[in-house]
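Input: a single structure, listed below in structure tokens.
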Amino acid sequence: MIVAQFDKQKAYVAQEDVFYDDGREIELIHFVYSHPKLEEIRRSPKGVLEIIDEFARTKKYLMSVGEDKGATVAKLIAQAKPKIMVELGSYVGYSCILFGDAFRKAGGTRYYSLERNPEFAAVTTLLVDLAGLSDTVKVIVGPSDTSIKRLHSSSELSRVDMLFLDHHKPLHLPDLKLCEQLGLIVPGTLVAADNVIKPGNPPYVDYVRSSLAKKQENLGSWRPDDKVRGDPNLVYESELIKGFEPSGVPDGVEVTRCAGRQGGQQG
């Protein structure tokens with residue numbers, strides 16, 4: 001499916017050659033906390049998102065999931081009603097405010113947002129608190145694989161009902177495999193991966209769409225220095241849901257459901 005038309009009036013400003021980690025994330029915080037509507041948006045996820053969108057539409061581009069694809073994932077959350085959700089890559093918190101709100105409304109208990117950059121994590125934490133979601137969303141700073149292992153080893157995370165991948169694209173596949181290997185992906189788990197059209201992520205898409213036979217065959221090329229081998233016995237059903245970047249550029253979210261596990265030993 002694809003949205004028939006993108007509302008150009010909602011487009012973010014043009015994406016520059018350098019479009020993140022150049023100080024705009026701190027500018028965003030100042031913009032939000034000096035906004036005339038600050039008191040109106042306290043404890044309002046929708047209100048905070050509107051101000052983030054305003055900044056990105058009038059000041060500087062932000063690499064957020066945006067309204068269009070965000071609505072797709074929020075709808076999945078409302079339907080699936082996950083109890084535990086993990087997001088890899090929070091950036092300035094747009095997605096975890098949007099999804100954290102949908103998650104809480106759907107009866108979820110804990111939303112983990114993992115972010116490598118401590119400045120981005122600090123911005124996210126401030127905006128999550130402003131939106132009134134601190135009781136649901138927990139922001140964790142550090143490399144994604146290290147944070148996943150730490151949460152698992154501490155028994156804080158024993159399964160993931162829904163996983164949203166929106167960090168460094170080459171890490172999508174190894175981090176999914178890590179979650180598989182740790183037993184966090186179980187029958188019924190939903191995985192949504194952003195940006196599978198722009199910029200694209202062929203290795204990830206190929207893996208989640210592969211048959212069990214193909215995944216087993218590919219184990220022959222696995223080397224110990226690859227670190228993670230995943231669980232090739234997990235059965236996935238996967239589809240592309242097309243949409244738009246907040247700039248209006250066509251993109252899509254790959255939505256994958258773990259339909260079960262067949263034979264073999266894990267890991």
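The numbers here are math on the coordinates, done by the rules we state, and not lab data. The model shown is predicted, which means the values in this text are computed figures rather than measured ones. Every residue, glycine as well, gets a Cβ built from its backbone with ideal geometry; the counts of neighbours run over all protein chains shown.
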Using only Cα atoms, tell me the angle between helix 24-33 and the longest principal axis of the chain; keep it within 0 to 90° and round to the nearest 10. 50 degrees
For the range 64-261, state the semi-axes of the equivalent ellipsoid (square roots of 5 times the eigenvalues of the alpha-carbon gyration tensor), sorted largest first and rounded to whole angstrom. 25, 19, 16
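What ranking of SER155, SER64, SER134, SER90 emerges when the number of other C-beta atoms within 10 Å of each C-beta is taken as an exposure proxy, fewest first? Display every interim value, and only then the final one.
On the way: SER155 7, SER64 24, SER134 13, SER90 30.
The order, fewest Cβ neighbours first, is SER155, SER134, SER64, SER90.
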Rg/Rh (Cα only; Kirkwood hydrodynamic radius) as it applies to the range 109-213: 0.98
Mind giving me the nanometre distance, one decimal, between the label points for LEU240 and LYS81, set 7 Å out from Cα along Cα→Cβ? 3.3 nm
Could you bin all the Cα-Cα distances of the range 148-267 into 10 Å bins starting at 0 and give me the percent of pairs in each, rounded to whole numbers? 13, 45, 32, 9, 0
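What ranking of HIS35, HIS172 emerges when the number of other C-beta atoms within 10 Å of each C-beta is taken as an exposure proxy, fewest first? Before the final figure, lay out the partial values.
Details: HIS35 17, HIS172 27.
Ascending number of Cβ neighbours within 10 Å: HIS35, HIS172.
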For the Cα atoms of the chain, what angle does the longest principal axis make with the long axis of helix 172-181, in degrees from 0 to 90, nearest 10? 50 degrees
Place +1 on the Cβ of every Lys and Arg and -1 on the Cβ of every Asp and Glu in the chain, take the dipole about the Cα centre, and give the residue among ALA11, LEU173, VAL160 whose Cα lies farthest towards its positive end. VAL160
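For LYS105 and ASP17, calculate 0.36 nm times their separation in residues minus their Cα-Cα distance, and state this gained length in nm to one decimal.
This chain segment gains 27.9 nm when fully extended.
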My understanding is that a pair violates if its Cα-Cα distance is over 26 Å; which of LYS8/LYS242; LYS81/LYS177; LYS59/LYS83; LYS69/LYS169 do that in this structure? LYS59/LYS83
Return one number: the angle in degrees, 0 to 90 and rounded to the nearest 10, between the long axis of the Cα atoms of helix 45-58 and the longest principal axis of the Cα atoms of the chain. 70 degrees
Testing the spin-label approximation: label points 7 Å from Cα along Cα→Cβ at GLU39 and SER153. State their distance in nm. 4.9 nm
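Give me VAL186, VAL196 ranked fewest to most by other Cβ atoms within 10 Å of their Cβ, as a rough exposure proxy.
Numbers: VAL186 15, VAL196 24.
Ranking VAL186, VAL196 by Cβ neighbours within 10 Å, fewest first, gives VAL186, VAL196.
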Along the charge dipole of the range 64-261, pointing to its positive end and built from +1/-1 on Cβ of Lys, Arg, Asp and Glu, which listed residue (LEU234, SER113, VAL249) has its Cα farthest out? LEU234
